[in-house]
Amino acid sequence: MCGIVGAVAGRNVQGILLEGLKRLEYRGYDSAGMAVLGESGSLDRRRAVGKVAALAERLEQMALPGSVGIAHTRWATHGKPSEENAHPHQSAGRLAVVHNGIIENFETLKADLQASGYVFESQTDTEVIAHLLDRESQAQGDLMAAVQRVLARLDGAYALGVVHAAEPDVVIGARKGSPLVVGVGIEEAFLASDPLALLQVTDRFIYLQEGDVVRLTRGGVIEIVDAEGRSVEREIQTFEHGDGAANKGNYRHFMLKEIHEQPAVIAQTLEGRLTDRGVLVKSFGVEAEALFSQARQIHIIACGTSYHAGMVARYWLERYAGIPTQVEVASEYRYRRVVVPEGTLFVTLSQSGETADTLAALRFAKGSGYLGSLAICNVPGSSLVRESDLTLMTHAGPEIGVASTKAFTTQLTALMLFTLALGRQRGIDDGQQADIVAALRGLPALVTRVLALDPEIERLSVDFAEKHHALFLGRGAHFPIALEGALKLKEISYIHAEAYPAGELKHGPLALVDSEMPVISVAPNDELLDKLKSNLQEVRARGGELYVFGDEQVAIEPEEGIKVLHLPHVDEALAPILYTLPLQLLSYHVAVLKGTDVDQPRNLAKSVTVE
Ligand code: AGP
């Protein structure tokens, strides 16, 4: 999704802004731009369609000297990707605006501005903000006051950065519905939609809250006004993950690096949360004990990969904790009439903590009679974390690849902790609990062993590079893993992939199976294995080529048309985590063979902060 960078520094900011944009590339975008206030009082702008590199080329030809500026990567919503639609948008050549989010009432505002004589150059909703600000800044008050008056007229979601030639030492920022952080430098201040964009200049951040407006002035002065217009102080937090997260190290892609980080980040997610035989319920927050003991039902809401994690959790929560659980995608949940039985705990799952639909679902749930809310999230200080009653952080560290990998397996790890925490209160068998705890402790080592199978998985990937379709099968808690495998393949290799519970095959999708349709199956050693084997025979009998990821203790042998890769034996409860890994690696290698943009696949954004 769109990215914002802003700076008020004691030096030229072009390099800082450009580096910030490069670091935001992972969010997904289609054009980029920058506006800088020059020493002579001019406001200059460069924009380019395509990658940040295209903007960098423009800047090489015509630099933007100056120490105050804003920059943006745009992910098109209103109007196609083009130079006119790229941000920053200007008004009267004296002010510039960058914006993430969507202004829902922009058509009404546009008509009003056109009637006052403003001429629009783009099809974007953002341009109305620039012209409204121009009109307001000609009235009384300073730029901050003008921004506040404009914000009062906007419906929708935004994070904004504004500069004005009349106030050459100032950048104004504002947030409502889209994330924005202030980077605190030494006599310098910065603005960005993600701390990663600014790690080259600072590791100290203020996470702005909903409705905040901030003025950054030369010398590093930071003034914040909240949604009620009161001056407020916000805590400065130190970014803990270091700048290493923002580079690929020895890996060709962030996605591969993040796949290989999984043993470490799963261990981090478990650290300090397991006791000898169970889970430290306080890890979820001080009120967790009370809320969990009252919980009679769970509603889990999430999007995309996080939704798949929720689907796995449903199997776990019902099986091990005996608690009825529903899982739903946030974009559906937020717009329907939901029946909330007494004692229902509302749970959101999100890597970013800023996904617009998930956040809207949480806000909707707040007035719907839930017992309370729990967020399982990867980004400290994110909106979801701040607005939930309880939180459990997944310690995956920054995830840069658009395709979610380590965020998913750490979510599953956290969800197993949640299952055990609820299970303890609902009478989970002591022996079973102790077995799962022991298996969790051994999980990072097993993950390392599966990752060592990478060369074999890379060999398998060759069979897929020329295919146009693929079918993923799984049963029970492995059906969501099949869904996740299909999502990974389609999002980074652009191969059409579907996933089915294997038992559904003969109810329709079997008609698709022929030698051109590879069928991938996850076959752990569980009570459904024999049934799954029969389903695989149905595929083989129709000439389908099978790729089976199975347990080393299970006798699925390779034969003509069936390739088998054996995974180390794992406790049945944790098998969904382990069986995710070969599917991640398979998609990765297929995408590399196809030459796609693995870390930033077309049309997709990392953090979907608009509806
Ligand atoms: C998956 O690879 C995608 N990145 C996407 O489906 C993602 O999981 C979804 O947009 C939800 O994001 P969140 O976890 O940050 O809320």
Any hit, the stretch 544-558, residues being without any contact (Cβ under 8 Å) to a residue 40 or more places away in the chain, small (Gly, Ala, Ser) and closer than 29 Å to Leu270 by Cα: yes
Test result for Val338, modelled with pLDDT under 95 and either under 25 Å from Pro480 (Cα atoms) or over 24 Å from the mean Cα position of the chain (by Cα) (or both): yes
Boolean, Ser587 is crowded, with 23+ Cβ neighbours inside 10 Å, within 16 Å of the ligand (Cβ to nearest atom) and modelled with pLDDT under 85: no
Qualifying residue in the stretch 301-322 (condition: surrounded by fewer than 23 Cβ atoms within 10 Å (Cβ to Cβ) and in a strand (DSSP E or B)): no
Counted residues, the stretch 560-602 - those being free of Cβ contacts under 8 Å to residues at least 24 places away in the same chain and outside any strand (DSSP E or B): 4
Residue within the stretch 278-295 that is crowded, with 18+ Cβ neighbours inside 10 Å, touching a residue at least 24 places away in the same chain (Cβ under 8 Å) and within 16 Å of the ligand (Cβ to nearest atom) present: no
Test: residue in the stretch 437-446 that is within 16 Å of the ligand (Cβ to nearest atom) and in contact (Cβ under 8 Å) with a residue 24 or more places away in the chain: no
Selection within the stretch 165-181 - of a type in the set (A, V, I, L, M) and touching a helix residue (DSSP H, G or I) at 6+ places or on another chain (Cβ under 9 Å): Ala166, Val170, Ile172, Ala174, Val181
Conditions (1) touching a residue at least 60 places away in the same chain (Cβ under 8 Å); (2) surrounded by fewer than 24 Cβ atoms within 10 Å (Cβ to Cβ); (3) of a type in the set (A, V, I, L, M); number of the one not met by Leu154: (1)
Per-region count, the stretch 472-498, residues of a type in the set (A, V, I, L, M), away from the ligand (no atom under 13 Å from the Cβ) and either surrounded by fewer than 24 Cβ atoms within 10 Å (Cβ to Cβ) or part of a helix (DSSP H, G or I) (or both): 4
Residue selected from the stretch 355-372 under the condition closer than 16 Å to Leu384 by Cα and aliphatic (A, V, I, L, M), by the criterion farthest from the ligand (Cβ to nearest atom): Ala365
Some residue of the stretch 243-266 being touching a Pro at 6+ places or on another chain (Cβ under 8 Å), in contact (Cβ under 8 Å) with a residue 60 or more places away in the chain and part of a loop (DSSP other than H, G, I, E, B): no
Among the candidates Ser352, Ser306, residue that is under 29 Å from Ala575 (Cβ atoms), within 14 Å of the ligand (Cβ to nearest atom) and touching a strand residue (DSSP E or B) at 6+ places or on another chain (Cβ under 7 Å): Ser306
The stretch 194-217, residues that are hydrophobic (A, V, I, L, M, F, W, C) and not in a strand (DSSP E or B): Leu196, Ala197, Leu198, Leu199, Val201, Leu208
Filtered residues of the stretch 318-349 (kept if touching a residue at least 40 places away in the same chain (Cβ under 8 Å), among the hydrophobic types (A, V, I, L, M, F, W, C) and within 16 Å of the ligand (Cβ to nearest atom)): Phe346, Val347, Leu349
Hits in the stretch 435-455 (condition: more than 30 Å from Arg273 (Cα to Cα) and exposed (fewer than 14 other Cβ atoms within 10 Å of the Cβ)): Pro455
Residue within the stretch 374-381 that is more than 16 Å from the ligand (Cβ to nearest atom), of a type outside the set (D, E, K, R) and closer than 20 Å to Arg314 by Cβ present: no
Neighbours by Cβ (under 9 Å, 6+ apart or cross-chain): first from the stretch 483-498, aromatic (Phe, Trp, Tyr); second surrounded by 24 or more Cβ atoms within 10 Å (Cβ to Cβ): Tyr494/Ala591
The stretch 359-411, residues that are over 25 Å from Val265 (Cα atoms), of a type in the set (D, E, K, R) and surrounded by 22 or more Cβ atoms within 10 Å (Cβ to Cβ): none
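The values are calculated or read from the model by the stated rules, or taken from the named source; none is laboratory data. Since this is a predicted model, take the numbers as computed values, not measurements. Cβ coordinates were reconstructed from backbone atoms using ideal geometry, including for glycine residues, and neighbour counts include every protein chain displayed.
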